[in-house]
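Each remark here refers to the structure printed beneath this line.
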Amino acid sequence: MTDIKALALDLQRFTLTLEERPGTPQPFHVAGDTFRHKEELKRAGGVWSRFDQAWRFPSRTQLETLLALLDGRPAHGLAEAPATYEPNQPNGGGKWGDKHYHGHRERLRNRFMDSGPDALADYELLELLLFFSVWRRDTKPLAKRLLERFGGIGGVLAADAERFRDIDELTSGGEEDLKFTAVLLKAVHTVMQRALKEQLKDRPVIGSWTVLIDYLQLAMTHEPAEHFRILFLDKKNILIKDEVQSRGTVDHTPLYPREVVKRALELAASAIIMVHNHPSGDPTPSKPDIEMTRQVIAGLAAVNITVHDHIIVGKNRHTSFKASGLI
């Protein structure tokens, strides 16, 4: 039997590292430049672990097989080395490629690249994303279930990660599928927000109204509770800071004019835009909304700071106090 240290040294020739973790079902972990040697790693019976970011092997024999494949030598014992994934894993066993959805993934990728995003339905676009977080399972039922549960792609991306635990089609794949899907979707949502916010940078916000509304809709439409944010602007109406001032309940969030004035002075702001959301989807201002806005305007006027607008974000629509003649 080949010594583990000798195996580790041999693998270093291929920029691979070997770590032994005794007491586990698959105690040999191979990491490093694994992508270049993916086919050999699979043929030797390795199982990729996203959690460990390494290929796991249960025996030294499989490591010897791997080395033989990397060297281009006949791999003795290869017939005995299982070219399957762990049968006791939530994602299931079986060789990669023996399920109908494996070919489906490649076809969907090709259709996206050849025909463009408009050729795909919402659930197919979501499927395409899920390919990167859910492995070796059909993602179509999961994509459809997520859209049904959260009301659309925007709702899926904005959903709190803990709410994904309610989706049986996701949790049945185990903690790794759940974790990586939550990270992926939240990252995409954050990237979208930052891309829109980037367009507001160093530009007068008042002259970038469409971009501003798109950003606010993306950031706030699917929030489950009301929250209040303030956009602080300089004398050229360029954004200084975008801050969430308070979070409340499904139909109320407190905002204290004194705190708004204090923060505006700290940032040397010349003007602000007030923004809050209505989780009900109806952006119609309430009487408390109107009264609180007047109090903030009066407080800021005393220190020569202007309130350009108060925007209420609803579902796919918004209300501007200024456009409505309320300020």
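Of the listed requirements (1) farther than 26 Å from Lys186 by Cβ; (2) of a type outside the set (Gly, Ala, Ser); (3) without any contact (Cβ under 8 Å) to a residue 40 or more places away in the chain; (4) buried (at least 16 other Cβ atoms within 10 Å of the Cβ), Ile312 misses just one: (1). State whether the residues of segment 127-140 include one that is surrounded by 17 or more Cβ atoms within 10 Å (Cβ to Cβ), charged (D, E, K, R), within 19 Å of the chain's Cα centre (by Cα) and closer than 26 Å to Ala219 by Cβ. Within segment 127-140 (the criterion being surrounded by 17 or more Cβ atoms within 10 Å (Cβ to Cβ), charged (D, E, K, R), within 19 Å of the chain's Cα centre (by Cα) and closer than 26 Å to Ala219 by Cβ), the answer is yes, since at least one residue qualifies.
Kindly indicate which of Leu231, Leu185 is buried (at least 19 other Cβ atoms within 10 Å of the Cβ), under 16 Å from the mean Cα position of the chain (by Cα) and free of Cβ contacts under 8 Å to residues at least 60 places away in the same chain. It is Leu185. Here Ile206 fits the description: touching a residue at least 40 places away in the same chain (Cβ under 8 Å), over 22 Å from the mean Cα position of the chain (by Cα) and assigned to a helix (DSSP H, G or I). A search for C-beta distances below 6 Å between a residue of segment 40-66 that is of a type outside the set (Asp, Glu) and any residue that is surrounded by fewer than 19 Cβ atoms within 10 Å (Cβ to Cβ) and modelled with pLDDT of 90 or more, counting only pairs 6+ apart in sequence or on different chains, returns Ala54/Ala31. The condition (being hydrophobic (A, V, I, L, M, F, W, C), at pLDDT 85 or above, at negative phi and surrounded by 14 or more Cβ atoms within 10 Å (Cβ to Cβ)) is satisfied by just one residue among Leu239, Leu170: Leu239.
For segment 260-294, the candidate set comprises residues that are acidic (Asp, Glu) and assigned to a helix (DSSP H, G or I); within that set, the residue that is nearest to Asn237 (Cα to Cα) is Glu266.
Every test in (1) surrounded by fewer than 16 Cβ atoms within 10 Å (Cβ to Cβ); (2) in contact (Cβ under 8 Å) with a residue 60 or more places away in the chain; (3) β-branched (Val, Ile, Thr) is passed by Val244 save one, and that test is (2).
In summary, helices (runs of 4 or more DSSP H) completely within segment 118-163 and bearing 1 or more residues that are acidic (Asp, Glu) and either modelled with pLDDT of 85 or more or under 15 Å from Lys179 (Cα atoms) (or both) occur at 122-130, 140-150.
The values are calculated or read from the model by the stated rules, or taken from the named source; none is laboratory data. In this text the structure is predicted, and so the values were computed from the model without any measurement. Every residue, glycine among them, receives a Cβ derived from its backbone with ideal geometry; neighbour counts consider all protein chains shown.
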